[in-house]
Structure formats: structure tokens, C-alpha cells
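To start, the structure itself, in C-alpha cells.
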Amino acid sequence: MIYILQVIILGLCLGLVYALMATGLTLIFGVMRIVNLAHPIFILCGAYVAYWLFVLYGLDPILAIPIAAIVCGVLGAIVYKLVFEKDAGSQKYSEMTVLLTFGTAMILDGTLSFFFKNTQRVTSPSYATDAFFIGDIFLPTAQLYSGLVSLSLIVALALFLKFSTLGVAIRATSLSRVNAELVGINVKFVCLFSFILGCALAGCAGSLVSFVFSFFPAKHFEWIAVLMSLVVLGGMGSILGAVTAAIVLSVLASLVGAFLAPSWSTMVFFLALFVILLIRPQGMFGKYLS
Amino acid sequence: MTNSKYLVPLLALLMLTMFPLVQFFSNQNYIIHLLLYAFFYIIMTSSWNIIGGYGGFISIGHNAFLCVGAYVAGYAAVRYGISPFYLIGLSGLVAGIFGFIVGLITLRVKGPSFIISSIALIMIMRIVFDHWDLVGGASGITLPFNSLPVQWSKLPHYYSFLFLALAAIYLNWYVRHSKFGLALRAVSHDETRSAVAGINVKMIKVTAFALSAFLIGSAGAVWADYLTYIRPNMFLVILIAANIVLMVILGGKGTVTGPIVGTVIFILFNEIILTFFGATELNILLTGLLLVITLLYFPDGIVGSLKNKNILPKFLDWG
Amino acid sequence: MNDVILKLNNVTAGYQNGPDILKSVDLTLKKGEIKCIIGPNGAGKSTILKAIAGILRPRNGNVLFNDRDLVGLEAYEIMRQGICFLPQDRALFDTLNVSENLWMAGYTLHDKKELKLRIEEVLTVFPILKKRLSQYAGTMSGGEQQQLIFARAIILKPQIMLIDEPSLGLAPSIVEQAFKHIEEIALTGVSILLVEQNARRGLSSSHTGVVMDLGQVVFEKDAKEVLNDERIQELYLGKRKSK
Ligand SMILES: Nc1ncnc2c1ncn2[C@@H]1O[C@H](COP(=O)(O)OP(=O)(O)O)[C@@H](O)[C@H]1O
Ligand SMILES: [Mg+2]
């Protein structure tokens, strides 16, 4: 019983990290209608930033979050300018945009592989091997910290979207570009801002991931499928939906991992995606950035 | 000069059929390898084009069917000692049925959701095959070698792939010019209107999907024999699917000759890169770069762009 | 009352690569004037409004607002100049609540205190909204949505309002209410360019009437004269039923 509880809590912590990974993606989809298959590679970029800052300067990966966010944000801005700006003003979704993001992911993947090879890496701050005990429940510090930091970042994002003018403008734009223009919102700016914000969030998630999972350049392909399943499950563009999906599935996945075999655990995400496509193709939750 | 429309392809076919004769004089196995590799990818790109080009369903997971085909043949070869060449049809059939079932589920959604589901398909299969002891799990299956002298050892694959490639191209041409293809393109434009016009939308989509799975699965049997060993991580990686998509887009999706042109050019491009840079990680970078540049500047691909400008050579203009 | 605030010169416009929908349209709007555009379906009435608002970029001609050419500006820039567009499909943000909708209507107002004051002010004009502040706009009744639309429109104190089919899909009493708002808004000095399917109703609240057909202005007169013109009655208003 204690064991189950512990597995659930671990799943919850990981779920919060996945949720953070998915929020940036959802934000970008909500505003720009772009399924950004390059999102996971941005997360990896953030992880590499945190890793090297730790290895070279001993900087704690949690403190590296702002730097990783800035690096990924700048990278996002460059990618946006070069690749997506042309389509940003158009209302029409096109499959080609997805392939564009896929091509971008391959470019970044190749670049990372060129520099860092296929070596598995993991950041190892002092707390990475520590653990808390609450009664008989054993809680690795790394998981706990990453979960808590993710949670606070998600809450901060939610508050920003709920209470700031720009945040509400982002939600308004995600509901309708034309209507947003009609109240004087500069939609192209909102798109750029959301894209950068999404990439910066990927960077934050990357810092946290760097001491929770070991990573290497091709890792992002696995995350593509996991994160995409969260976004589809959450109803394409609903942040609350994606976060809920992340937490529920991650808990399920860690139960599967504990009782079946760890290598089966990601299966939960993919199967859930197929089940949803079967019974409710429009996803579990409502629409857009709510 | 309407004759050139038939003349060039027929000449090309004749030359390709006769080419292995050079083996009598000198061993050109590498060129044979490149050619059969091109045929192999033409089978996949042309098949992909049926559902991706005409149907508008972009799949980044079509290698799933290659995997099914290869494993059916590989398993039967090892377990019952049947040559994979006799199993081409069976492999195709199993892959086709598998495609039909997958299509029933994933073709219910369009656009981004479909693309995502196609990626998830590979991930699921990867986990399943990695754990499936019957087919060797992650370490896969080793097939028996064929006993031909080295000079002739590639020829069975060469001619099988050539034949299958012709079949795939013909199927593309057929789909482009038949009522079935018309319905398929109508569905890709607007499902609701097509349904109102009396088209059985679901069957059309799923049939097209299964057809393309069938051809790719057939190729999988030959490919398994060619490789002589098969492992999940050789088939179930996104890069293969990415190459297929890139080749079709490069050549021009939704055209009969686009997949052929795209495949040939991409394989040449790859060869050049390999000669100059060797097999490095730059390969994936350049593939991505090529994809992005094509999408941004020539979204209609080579054949499509030439056609728009009315300067497409006759022999490439098959609709 | 006689100074021209908006002037369309020779405006030609169409969608994407399609044919010209507007063909050399000239039109003027004076300060405080309500002008009603009528005409058969597909005449290009909505297209004129979209061309002014910048949602559709004219292919030719110019749109002068206080003598400044708007052609080439993005829609949001045009809105920031003091033009407000109420499109046919309402343009509310369905899953934002009423207060967020009002907030967004004043998006371009950088003085937050001023915005707060203006929202207060608008809520006294439309008291129903006050009780609905935290309700999603999309879940309100047609009449309430109508009020929210006008409330949003006047927050920025625009000089010109472009209104497309205010009566579409509304119950008769709510249509009456809408036209009452329109007349009141015009009295504050706002110029209004109105498109209305219900031509009689639209004209009777307007100062001038414009008849459009096939992308051209065929007729422009005092609203009363348009209403009483026999030819127009026959062609565009439908025959009056005998009492
Ligand atoms: N978004 C659009 N894309 C292409 N054509 C359009 C679009 N909107 C309207 N049209 C065409 O423009 C013409 C005029 O439409 P509109 O201005 O909406 O007419 P109305 O006078 O009924 O408001 C019609 O023939 C219509 O088919
Ligand atoms: Mg209209």
C-alpha cells in the first residue's frame, strides 16, 4: 500500500514536469495553430544549457532556469523569424507547417548531435542522489524539486494568462485572430511573443529535465510522441487539459512501470492517444486556452 | 513530340532492366545497390503519395508497415524456411490488413492530430517489438543468407524492387486518373461535402491507406532478405518516415512522377554528402535543412513548380 | 455636421486571387451621419466594410480617414485610429468573460485608470452587463450579447463605427433596441456606416441611404427619398403589401 502511494507520488512529480513541457507547446498551438514538433528539441537545448552551466561553472540547474529560458527564447525568436513568420499572419492551418517544425527539429537535432554526440548525459547536483522520507514513503529530492518548480512555473503562467493585459490578449488571439485585430491587438506581435514564451518554457523544463532523466540528442523523438499525446488528449490548445492529462497519464505510467516493467511505461501515453482518437477525437477538454 | 512522353520512360525502363548485364564484365555491386535502394524508396514514396499526396493525410509513421512486412517474411523464413521472395504477397497482405485497422482508428482525425497519431504508432510498435520474444525482441531476427555468387546475389532484390516500384508507380497513375482517385481528392478537400455527394468517405480513406500499406509491406519482405537481419531499431525510427516525406515533398506531392524525381534527387544528394562529409550527424541536419527550404520556397516540389510554370518535360507529365 | 470624415475614392477590392468584388466604389461619410448601405445578397456590402477596416486590402483606390489614407495599414492599426468594426458574426470572445471582453475592447488604451473609468461608465449605460461580469460572453442570450457588443464598441470613443447587419438573427424587440443604441451613439457625434438586410428598418434610422448592386454604388440619396423611391421599392425593398 505504501509502495503504491509512493509510486503515485513519484508519478505526480514527473507528471508536473511533463505538464510544464506540454504547456509551452499548448500555448504555441493555441495562439498560432502550429503543432510544434520542434518543441521537444527546445527542451533538450535547455537541458544542454543547464548541463554545461553545471559542468563548467557548477551552477545549480534550478538556478540555471532563467538562463536556459533566455537561451531558448532567443533561439525561438530566431527560428520564428526564419521559418514561421511568413505563415504567422495567416489564419489557415496547413499540414505543411507541421512538417516545417519537423524539419526545424531535425536541423537542431543534427546540430546537437554534431557537437555532443550520442553520449547520455545527466546533470548531477548534490541533491540528485538525496531523498526525503515521510513516514515510510521515500521521495527522491530531484523529483520532488523538479515537480515543485514545475508547479510554480505553471501557476505563474496561469496567473499571467488570467490577470495581465497581454495574457488576456493571448487568450483572445487564440480564440479568434480577426476579432483580436478588431480590438486593436497586434496579432503578429502576440504570435511572436507566444512563440518565444513557449520556447522559454521549454528551456525551463529542460533545466529541470536535465537532472531527472538522462538525455541525448535523439531523445526528443520519444518526447515528441509523449508530449503530442498530452496535447491531443488535453483537447488541442487547452492548457488546463494538457496539464490534467500529463498528471493523470504520468501517474498511470509510473504504476505500469512499477508493476509491469519500466520500459512499458511510456506505452500508457501512446495507447491513451489511440483510445482518445477512437472514442472522442476532439479530445477530453474544451477548447483553446482556458 | 508526344512520343517523348512514352519514349523516355520506356528507354529508362529498358536500361534499368538490362543494367545487371554489366556484371558479366565487372562487378558493379555498389551501383546495383544504389539502384535497388532507389527502387525501394520509390515504392515507399509512391505508396505514401497515395494517402499523403492525393488524400492529404501526412503520415510520419509509414515505416510501421515496412516493419510489419519485413517481420512477417523474416519470421516465416526463419521458422519455416520459406524464402522471403515467396512471401512478398503475404507480407503485403498482412501489412495491408494492419494498415486497414490502423486507418480505421487514425483516419478519423485530420491535420495535426493525424500526424501525431502516426508518430505514436511507431512508438507503440517500437515498444511492442522490443518486448516481443517470439520475434527476437530488441535483438531481432537473423535470416539465412542466399547462396548466389556475390556478383549475382543482389539481383533477386533488384528485380523484385524494380517490379514493385513499377506496380507502385502504376497504382499512383491509376489513383490519379480513376474515379477512386477523384473521390479521394474530393475527400481531402472537404469530407462533409464529399459525404453529401454520396462518397463513402471512410471506406475511401481507409482503402487508400491500406493500399499504400500493402505495397510498403511487400517491399518489406524483400528488404528483410536483403538486410539479412532485422531489428526494431532499424525500422521503427522516425528518420525513415522523415526521408519518405521529404522525398515526396521535394519531388512534388500529389503528382505521379514527383515521388520518383524526389527519391532520385534525394539519394543523389545523400551520396554527395556522404562522399564529402562522410556519415556524420550533419546528415540529419542537412536533411532537415533541405526539408525546410523546400517547404518554404518550393512547396509544390520540383514537378509541381515546373508544372506551374508550364516547363515540365513531357515525359514527367503524367498528371 | 457637414465635414467629411471618411472618403472612399475609386476603391476596388476582391478576395485572394478572385475577381474584383468592389468595382471603383466612391463613398463619403460625414461627421455624426448614419449612412445605411442596402442591396441584394452578394452585392459587396460586407466587403466594403472589410475593405475600410483593413481586413481586406483594397487592390486600388484610397480610403481617406480625416484626409489620411488607410490603405496598406494592418487592421489593428486602423482600429487604433478611431474606427470600430462590428462584423456580421459578432466578434465577441466566446470563452472570455464579460469583464475580460471589455478589458480587451480597451486594449489600446494604455492608461489603466482611464480604462477602469470608461468601463464603469459603459456599465452604467448597459446595466445588465454589470450582473454578468464573470459570465462567458458565449453563454449569454442574443440580446445580452448585443449589449456587450455596443458596450465594447463605445469604450474607445471611436469616431466611426462600421456595423454589419445588426439585426441578423435577433428577435424583433432586440432589433429595436439595437437601432435605439445606434441612434443614440450617433447623437454623440459618432459617424456610422451601417449595412442592413432589413432595408426598411435600416433606412428609417438613417440619414442617408446607399443602394449597392454588383459591387457598385447605384444610387445614393436621403434615407427618406430612398425609402419612397418607387424604382428602388420595386427592385430592392420588395413591394409594399396593401393594407
Ligand atoms: N471570404 C471570402 N472569400 C471569397 N469570396 C468572398 C468572401 N466573402 C465574400 N465573398 C464574395 O464576395 C461577394 C460579396 O460578398 P458580401 O460583401 O459578403 O456581400 P453582401 O452584400 O451580401 O454582404 C460575394 O459574391 C461573395 O461570394
Ligand atoms: Mg453581408
Normalised by the number of residues in chain B, what is the relative contact order in percent for Cα pairs under 8 Å and 6+ residues apart?
32 percent
Taking only protein heavy atoms and a 1.4 Å probe, the highest-to-lowest accessible-area order of B:Glu271, C:Glu225 is C:Glu225, B:Glu271
Can you spot the lysines whose alpha carbon is less than 21 Å from A:Lys219's alpha carbon? Ignore those fewer than 8 places along the same chain.
A:Lys117
What residue among A:Gly24, A:Gly110, A:Gly184 shows peak mean-square fluctuation when chain A is described by a Gaussian network model with Cα springs under 10 Å?
A:Gly184
Is any helix in chain B, taking whole DSSP H runs, at least 30 angstrom long along its axis by alpha carbon and on average at least -0.5 on the Kyte-Doolittle scale, and which ones?
B:111-131, B:155-177, B:201-227
A:Phe216-B:Ile82 FRET efficiency (beta carbon distance; Förster radius 51 Å; 0.05 resolution)
0.80
Measure out, as a whole number of angstrom, how far apart the alpha-carbon centroids of the stretch A:142-216 and the stretch B:217-287 sit.
36 Å
Viscosity 1.306 mPa s, temperature 10 °C, Stokes-Einstein D of the stretch B:271-319 from Kirkwood C-alpha radius, µm²/s:
125 µm²/s
Overall Cα dimensions of the stretch C:7-53 - principal axes, largest extent first, Å
36, 22, 16
Over every pair of different alpha-carbon atoms in the protein assembly as shown, take the mean of 1/r and invert it; report that Kirkwood radius in Å.
30.3 Å
Hey, which lysines would be in cross-link range of B:Lys5, C-alpha to C-alpha under 16 Å, not counting anything within fewer than 8 residues on its own chain?
B:Lys307, B:Lys314
Within the set A:Lys188/C:Lys112; C:Lys30/C:Lys50; C:Lys130/C:Lys180; C:Lys112/C:Lys180, which residue pairs have Cα atoms separated by over 26 Å?
C:Lys112/C:Lys180
Keeping all protein chains in position, work out how much accessible area C:Ser134 exposes to a 1.4 Å probe, and write it in Å² to the nearest 10.
100 Å²
Potential lengthening between A:Thr165 and A:Leu260 on full extension [0.36 nm per residue; Cα-Cα distance subtracted]
29.4 nm
Can you figure out the FRET efficiency of C:His110 with C:Glu183, using R₀ = 30 Å and their beta-carbon distance, to the nearest 0.05?
0.45
When the chain is fully extended, how far beyond the present Cα-Cα distance does B:Asn3 get from B:Tyr297, taking 0.36 nm per residue of separation?
102.6 nm
At a 1.4 Å probe radius, carbon and sulfur cover how many percent of the accessible area of the stretch C:89-156?
55 percent
What residue among C:Gly18, C:Gly32, C:Gly209 has the largest mean-square fluctuation in a Gaussian network model of chain C, using Cα springs under 10 Å?
C:Gly18
Taking B:Phe85, B:Phe266 and ranking on accessible area (1.4 Å, protein atoms only), highest first, one gets B:Phe85, B:Phe266
Please list, in chain and number order, the residues 5+ apart from C:Met212 or on another chain whose amide H is under 5 Å from its amide H, with Hs placed from the backbone.
C:Ile38, C:Gly39, C:Val218
For the pair C:Ser173 and B:Met15, how long in nm is the line joining their label points, each one 7 Å along Cα→Cβ?
8.3 nm
Just to be sure I understand: with springs between alpha-carbon atoms less than 10 Å apart, which residue in B:Ala76, B:Ala279, B:Ala186 has the highest mean-square fluctuation in the Gaussian network model of chain B?
B:Ala279
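Find, among the trypsin sites (Lys or Arg not before Pro) in the stretch A:117-178, those assigned to loop by DSSP (not H, G, I, E, B) with at most 13 other beta-carbon atoms within 10 angstrom.
A:Lys117
Can you count the Lys pairs in the stretch B:65-216 with C-alpha separation below 20 Å, eight or more apart or on different chains?
Taking the stretch B:65-216 as the scope, the lysine pair count is 4.
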Counting only protein heavy atoms, what percent of the accessible surface of the stretch A:19-219 is carbon or sulfur at a 1.4 Å probe?
71 percent
Could you work out the mean projected area of the convex hull around the alpha carbons of the stretch B:121-245, in square nanometres to one decimal?
9.8 nm²
Isotropic mean projected area of the C-alpha convex hull, the stretch C:89-156 (nm²)
4.1 nm²
What accessible area per residue comes out for the protein assembly as shown, rounded to a whole number of Å², with a 1.4 Å probe?
42 Å²
Heavy atoms of B:Met234 accessible to a 1.4 Å probe, total area in Å² rounded to 10:
50 Å²
Normalising by the residue count of the stretch C:107-202, find the relative contact order in percent from Cα pairs under 8 Å and 6+ residues apart.
26 percent
In terms of solvent-accessible area of protein heavy atoms at a 1.4 angstrom probe, what is the ranking of B:Ile97, A:Ile28, highest value first?
B:Ile97, A:Ile28
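How much of the DSSP beta bridge set in the protein assembly as shown is antiparallel, as a percent to the nearest 5?
That works out to approximately 60 percent antiparallel.
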More than 21 angstrom separation, counting every C-alpha pair in the stretch A:19-219; what % is that?
53 percent
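The values are calculated or read from the model by the stated rules, or taken from the named source; none is laboratory data. Keep in mind that what you see is a predicted model, and the values were worked out from it rather than measured. Cβ coordinates were reconstructed from backbone atoms using ideal geometry, including for glycine residues, and neighbour counts include every protein chain displayed. Note: accessible area is taken over every heavy atom of the protein model, side chains too, but ligands, DNA and RNA are not part of it. Shrake-Rupley method; radii C 1.70, N 1.55, O 1.52, S 1.80 Å.
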